[in-house]
Amino acid sequence: MDSWIWKSIEKMKTPLISSELAEETGWHIGDGSMNFYNQDGKMRGLYQLRGHIEDDKQHYLDRIKPIFESIYGIKINLREMPSTRVFGFQIWNDELANFKLKLGLPLGKKWDISIPKDFLGSNEL
């Protein structure tokens, strides 16, 4: 397992439906993924959000990190991953994976993904 993947010891705050959550969900649909994996005999949720190592880095620093931390109350560590040419983060957090799953986002490959219904009823979102 990569050493830069860290376990969240912070309790996640459950976000309210908002324009920031809608934007963050769009980031997930485009560049995120999540799944549950066996870690030491227990199924754990792994969430990751990664963009291009050069083109997206400043956006992750200026916008994604502060919004993500504000929405979920979870601190994230952004990293460059030169071998795959991406920049972003991965975090073990069961609450986050379960929240996104309940929102309607799929585990694993995003073969069939759509905008969650919670966002479709509002022109603002």
Query raised in the report: Is it the case that Gly104 is modelled with pLDDT under 95, closer than 26 Å to Ser122 by Cα, exposed (fewer than 15 other Cβ atoms within 10 Å of the Cβ) and small (Gly, Ala, Ser)?
Result: yes
Report task. Among residues belonging to the range 116-125 that are in contact with a helix residue (DSSP H, G or I) (Cβ under 8 Å, 6 or more places away or on another chain) and within 19 Å of Thr14 (Cα to Cα), point out the one that is modelled with the lowest pLDDT. Result -> Leu125
Report task. Can you run down the residue pairs with Cβ atoms below 9 Å, 6 or more apart or on separate chains, where the first is in the range 97-125 and over 19 Å from Ser18 (Cβ atoms) and in contact (Cβ under 8 Å) with a residue 12 or more places away in the chain and the partner is of a type in the set (A, V, I, L, M, F, W, C) and in a helix (DSSP H, G or I)? Result -> Leu107/Ala97; Leu107/Leu101; Lys110/Ile29; Ile113/Ile29
Requested in this report: With respect to Leu96, determine if the residue is modelled with pLDDT of 95 or more, surrounded by 15 or more Cβ atoms within 10 Å (Cβ to Cβ), under 15 Å from the mean Cα position of the chain (by Cα) and within 21 Å of Leu120 (Cβ to Cβ).
Outcome: no
Requested in this report: Would you be able to say whether some residue in the range 49-56 is basic (Lys, Arg) and more than 22 Å from Ile115 (Cβ to Cβ)?
Outcome: no
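The values are calculated or read from the model by the stated rules, or taken from the named source; none is laboratory data. Everything numeric in this text was worked out from a predicted model, so none of it was measured. Glycine also receives a Cβ, built like all others from the backbone with ideal geometry; neighbour counts cover every protein chain displayed.
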